[in-house]
Amino acid sequence: MEFTVANSRTMYTFFPEEGEDWPNLFECLADALRERDPNTFIRSVDNADDPIRPGPPELWFGITIADEELDGFAAHTPTGVALKDATPALAAEFAHWLRDKVTPSGAGITFNTSWGLEDDMPSELLPHGWLAETRELIEQHVTDAVDLNEE
């Protein structure tokens, strides 16, 4: 399959707009995931005593978007949610679900990709508008990240 921005897959990170917080992230996310699918995979991991990789707790989960099963995780430090191995369209759909079901009403969501983070690209604020606007912004971010790697 030929590489296109639309079919590219990477990890997407979503976190609060600077100066904001998502209180009770794990609880809100787990409840919203169970509401979406009572049989979904959710696992809370306490990394505090992990001898190999000690750190803050994480919440790992599975979610089906557009008939695709995807994996993700959430963390308190830094506060945010990651969606692994997703296309821009899947990431946009996830971001809208996250805004509607998990984050506080009216809260801003910033995002980045693993490619953007590797290249020190700034995180971007997602629009509060239509899904198409979100998808367009995410696709532009991926295009910019790919262009940086081709230079």
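At-a-glance table
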| read-out | value |
| --- | --- |
| Residue list for segment 40-74, restricted to those being under 25 Å from Ser123 (Cα atoms) and open to solvent by less than 30 Å² (accessible area, probe 1.4 Å) | Gly55, Glu58, Leu59, Phe61, Gly62, Ile63, Ile65, Leu70, Gly72, Ala74 |
| Single residue of segment 129-148 satisfying the filter (more than 17 Å from the chain's Cα centre (by Cα) and in contact (Cβ under 8 Å) with a residue 40 or more places away in the chain) that is least open to solvent (accessible area, probe 1.4 Å) | Val146 |
| Residues satisfying the stated conditions in segment 16-39, i.e. open to solvent by 50 Å² or more (accessible area, probe 1.4 Å) and in contact (Cβ under 8 Å) with a residue 12 or more places away in the chain | Glu17, Glu18, Glu20, Asp21, Pro23, Glu35, Arg36, Asp37 |
| Of residues in segment 101-128 being among the charged types (D, E, K, R) and at pLDDT below 95, the one least open to solvent (accessible area, probe 1.4 Å) | Asp119 |
| Failed item in (1) within 20 Å of Ala6 (Cβ to Cβ); (2) open to solvent by 40 Å² or more (accessible area, probe 1.4 Å); (3) hydroxyl-bearing (Ser, Thr, Tyr), with Thr77 passing the rest | (1) |
| Matching residues, segment 91-138, being of a type in the set (Gly, Ala, Ser) and more than 24 Å from Arg36 (Cβ to Cβ) | Ser114, Gly116, Ser123 |
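The values are calculated or read from the model by the stated rules, or taken from the named source; none is laboratory data. Quick caveat: nothing in here was measured; it's all calculated off a predicted structure. Every residue, glycine as well, gets a Cβ built from its backbone with ideal geometry; the counts of neighbours run over all protein chains shown. The protein model used for the area step is the full one, side chains on, heavy atoms only, and it has no ligands, DNA or RNA in it. Shrake-Rupley method; radii C 1.70, N 1.55, O 1.52, S 1.80 Å.
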